[in-house]
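This report concerns only the one structure given below.
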Amino acid sequence: TLELRARRDALVIFFLGFFTMLTGFFESQSLLTALAVLLGLVGLLTALINAHRPVGTPSLRESASLALRMTLAGTPVMLALFLLFPRFAPLWGMPVDPAVGRTGLSSTMTVGNVAALALDDGIALRVRFEGRPPPQGQLYFRGPVLSRFDGRQWTATSGGDGFDIPFGPPPRDLRVRGEPIEYELTLEPSRRPWLLALDATPEAPALPPHWRLRQTPDLQWVASRPVAELLRYRARSYPDFSYGIAGWDGQPRRDLDRFLQLRAGYYPRKEALGEELRREAPDGDSRAIVGAALERLRTGGYRYTLEPGVYGRDSADEFWFDARAGFCEHIASAFVIALRAAGVPARIVTGFQGGELNGVDGYWTVRNADAHAWAEVWLAGHGWQRVDPTAAVTPSRIGLAERLRPPPGLVANALDRVNPRLLIRLRANWEALNNRWNQWVLSYTQERQFDLLRQLGFAQPAWEDLGKLLAGG
């Protein structure tokens, strides 16, 4: 632009601008981004019209009006291209960067990481239930299961970034009871291969044909590639389930030893805590030990807080005996370490818990702030059982879906003072509109293109049929 001298130079700048606007979609494909690009498109068309007219004639208003009419005239062509242009899987999509994540979940957890997610109000997933939704206390969306512990960091079985999870056979003794929960889940891009689903989901979620799924021995569903685009799938889950009763390979004690391991030299007070929990349990019963640990959390003055302070090397000891305050990851980590010290196999499960109903479109919205960590303990005759120690410290965090929130900003605070429900209504309407954009535009895949062709009378549609329709149109 500094070397712009003639009309030809201006035309080069304008047409470069048309291409440059596309790069905005590499950062975000939201409705807000699309509206901003549309505004830029009309502005560039206005400038292009002015470049073909004498200076000052016509007026800017007349040029902008002509640009709007040109945009409306091009809309049918845009719709035809959107609906019928063949979407080849390797070419149609966004670049994948496996080093960037949005949901905040990973195959590692160091105390302090998950707490930062309470400040992130971004949407992680949306759910639409068929029929009556389950109680919020049952909304546990399962993510990575962390069982290895080196004294400072919890990691998944593989110890990697989630792409090298060893796919052993799924649990052979998974038993489900009662009526299933059927739902449709729209997952935001996470750059990770994990598919979130409610506990427990014995059948693979229904995905587009080019996706492949496998289930790990700890009930986590993992895709063959990272979720780099908005992904919508249907699933059926059973909240009443049991698995791991006999242990893998029928030898529970040998297989469960790794869920009792604690790094030597860390947490010098863990043995005393474990011995105290065992004394409170008759005959060393595992269920009684778990109950004693939960009772200690309920009555020991422990707090659930967004700002637990800085923890040192022996974070579990500091939580149990000194600070007595923490976020869900502090509580879950200290709880599992105490149970292992008392001889009860235990591990950490991460994911999302809860959500809020959008009354405008009927979808449940689960945010990054709903990221959660809980425990699973192994009980003889019962297998792996979910135990949420955070519920013992603050029951409202689970049952009523209360969340710790940062203080509102200046605009939100002003709206809240004028009308406390105005901001909630505005956000619900905007999210419902953005959700329709996700469902109708971003989720318009090749499979949905073929569904459109079937409705038009094509028995076995292919991409050649799309090309013929597009050319004919």
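The values are calculated or read from the model by the stated rules, or taken from the named source; none is laboratory data. Worth saying up front: this structure is predicted, and the values here are computed from it rather than measured. Every residue, glycine among them, receives a Cβ derived from its backbone with ideal geometry; neighbour counts consider all protein chains shown. Note: accessible area is taken over every heavy atom of the protein model, side chains too, but ligands, DNA and RNA are not part of it. Shrake-Rupley method; radii C 1.70, N 1.55, O 1.52, S 1.80 Å.
Give segment 264-277 a look and list any residue that's surrounded by 12 or more Cβ atoms within 10 Å (Cβ to Cβ) and under 38 Å from the mean Cα position of the chain (by Cα), or say none.
The answer is Y266, Y267, R269, K270, E271, L273, G274, L277.
So, P208, is that one farther than 27 Å from E27 by Cβ, open to solvent by 20 Å² or more (accessible area, probe 1.4 Å), over 12 Å from the mean Cα position of the chain (by Cα) and not charged (D, E, K, R) or not?
No.
At least 3 residues that are open to solvent by 50 Å² or more (accessible area, probe 1.4 Å), of a type outside the set (D, E) and at pLDDT below 75 in each: list the helices (runs of 4 or more DSSP H) lying fully within segment 369-423 that qualify.
So the answer is 410-418.
When you scan segment 116-127, do you find a residue that is part of a helix (DSSP H, G or I), surrounded by fewer than 15 Cβ atoms within 10 Å (Cβ to Cβ) and modelled with pLDDT under 85, even just one? Lay out the reasoning, then the answer.
Applying the first criterion (part of a helix (DSSP H, G or I)) to segment 116-127 yields 116-119.
Filter once more, keeping what is surrounded by fewer than 15 Cβ atoms within 10 Å (Cβ to Cβ): 116, 119.
Subset that is modelled with pLDDT under 85: 116, 119.
Yes.
I'm trying to understand the selection: among the residues of segment 419-465, which are farther than 21 Å from H210 by Cα, free of Cβ contacts under 8 Å to residues at least 40 places away in the same chain and over 20 Å from the mean Cα position of the chain (by Cα)?
Once the filter is applied, which keeps residues that are farther than 21 Å from H210 by Cα, free of Cβ contacts under 8 Å to residues at least 40 places away in the same chain and over 20 Å from the mean Cα position of the chain (by Cα), segment 419-465 yields N419, P420, R421, L422, L423, I424, R425, L426, Q455, L456, G457, F458.
Checking the structure you have, find out if any residue of segment 53-76 is of a type in the set (A, V, I, L, M, F, W, C), modelled with pLDDT of 90 or more, under 26 Å from E431 (Cβ atoms) and open to solvent by 90 Å² or more (accessible area, probe 1.4 Å). Talk me through it step by step, then tell me what you get.
As a first pass, look at segment 53-76 and keep what is of a type in the set (A, V, I, L, M, F, W, C): 55, 60, 64, 66-68, 70, 72-73.
Add one more test, that the residue is modelled with pLDDT of 90 or more, and what stays is 64, 66-68, 70, 72-73.
Next, only the ones that are under 26 Å from E431 (Cβ atoms) stay: none.
Looking for residues that are of a type in the set (A, V, I, L, M, F, W, C), modelled with pLDDT of 90 or more, under 26 Å from E431 (Cβ atoms) and open to solvent by 90 Å² or more (accessible area, probe 1.4 Å), one finds none in segment 53-76, hence no.
In segment 29-69, which residues are assigned to a loop (DSSP other than H, G, I, E, B) and over 29 Å from L442 (Cα atoms)?
Answer for segment 29-69, where residues must be assigned to a loop (DSSP other than H, G, I, E, B) and over 29 Å from L442 (Cα atoms): H52, R53, P54, V55, G56, T57, P58, S59.
Inspect all residues belonging to segment 15-23 and state whether any of them is small (G, A, S), farther than 30 Å from G122 by Cβ and open to solvent by less than 70 Å² (accessible area, probe 1.4 Å).
No, that holds for no residue.
Is there a residue being modelled with pLDDT under 90, farther than 21 Å from R258 by Cβ, open to solvent by less than 10 Å² (accessible area, probe 1.4 Å) and part of a loop (DSSP other than H, G, I, E, B) anywhere in segment 298-306?
No, the conditions are met nowhere in segment 298-306.
Look through F26, F14, F82 and report the one residue that is without any contact (Cβ under 8 Å) to a residue 40 or more places away in the chain, assigned to a helix (DSSP H, G or I) and at negative phi. Lay out the reasoning, then the answer.
On the way: F26 fails: without any contact (Cβ under 8 Å) to a residue 40 or more places away in the chain; F82 fails: without any contact (Cβ under 8 Å) to a residue 40 or more places away in the chain.
Exactly one of F26, F14, F82 is without any contact (Cβ under 8 Å) to a residue 40 or more places away in the chain, assigned to a helix (DSSP H, G or I) and at negative phi, namely F14.
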